[in-house]
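First comes the structure, then the notes that go with it.
The values are calculated or read from the model by the stated rules, or taken from the named source; none is laboratory data. None of the values given here were measured: they were computed from a predicted structure. Virtual Cβ from ideal backbone geometry, glycine too; neighbours counted across all protein chains shown. Accessible surface areas use protein heavy atoms only, side chains included; no ligands, DNA or RNA. Shrake-Rupley method; radii C 1.70, N 1.55, O 1.52, S 1.80 Å.
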Amino acid sequence: MEQFIYPTLTAFFAALITWFFSRKSTEIDNGTKSALFYQNLLDDATKRINQCLEIIDNLNIKVAERDKIIESQDIEKKQLRQHIQELMVSNETLINEIKKFKQLNGKA
């Protein structure tokens with residue numbers, strides 16, 4: 001009977017230990033695969049964030065350039081308004097002079 005029980009128990013415990021370690025090995029492999037999956041997700045997200053930051057920086061530069069253009073156009077617009085005011089005053093003066101000239105020449 002001992003010749004049957006000892007080898008059977010040995011085989012049973014060997015199989016049990018093998019099953020236990022294979023299960024642990026599978027858990028470790030699954031954990032490793034999960035870690036690699038999330039690492040790849042993070043790497044991809046990092047690349048996308050960096051690309052977005054570059055795009056935002058480029059857009060900020062373009063906005064700053066447009067702001068400078070708008071500011072220079074505002075300055076030019078103010079100068080043109082001032083020049084128009086001066087021309088209107090000059091025009092008014094010339095109209096008054098023409099009226100005086102017509103009055104001197106006897107034309108109504």
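Please find, among ASN50, ASN40, ASN30, ASN96, the residue that is of a type in the set (S, T, N, Q), in a helix (DSSP H, G or I), surrounded by 10 or more Cβ atoms within 10 Å (Cβ to Cβ) and at pLDDT 95 or above. So that I can check it myself, show each step before the final result.
On the way: ASN40 fails: at pLDDT 95 or above; ASN30 fails: at pLDDT 95 or above; ASN96 fails: at pLDDT 95 or above.
Exactly one residue qualifies, and that residue is ASN50.
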Checklist entry - If the Cβ limit is 6 Å and pairs must be 6+ apart or interchain, which residue in the range 49-75 that is in contact (Cβ under 8 Å) with a residue 12 or more places away in the chain pairs with which residue that is not β-branched (Val, Ile, Thr)? => result none
Checklist entry - With respect to the numbered conditions (1) at pLDDT below 95; (2) open to solvent by 100 Å² or more (accessible area, probe 1.4 Å), which one is the sole condition not fulfilled by SER25? => result (2)
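Look through the range 1-22, keep the residues that are of a type in the set (S, T, N, Q) and over 48 Å from the mean Cα position of the chain (by Cα), and return whichever of them is most open to solvent (accessible area, probe 1.4 Å).
So in the range 1-22, the residues of a type in the set (S, T, N, Q) come out as 3, 8, 10, 18, 22.
So of that shortlist, the ones also over 48 Å from the mean Cα position of the chain (by Cα) come out as 3, 8, 10, 18.
Numbers: GLN3: 167, THR8: 65, THR10: 91, THR18: 91 Å².
The qualifying residue most open to solvent (accessible area, probe 1.4 Å) is GLN3.
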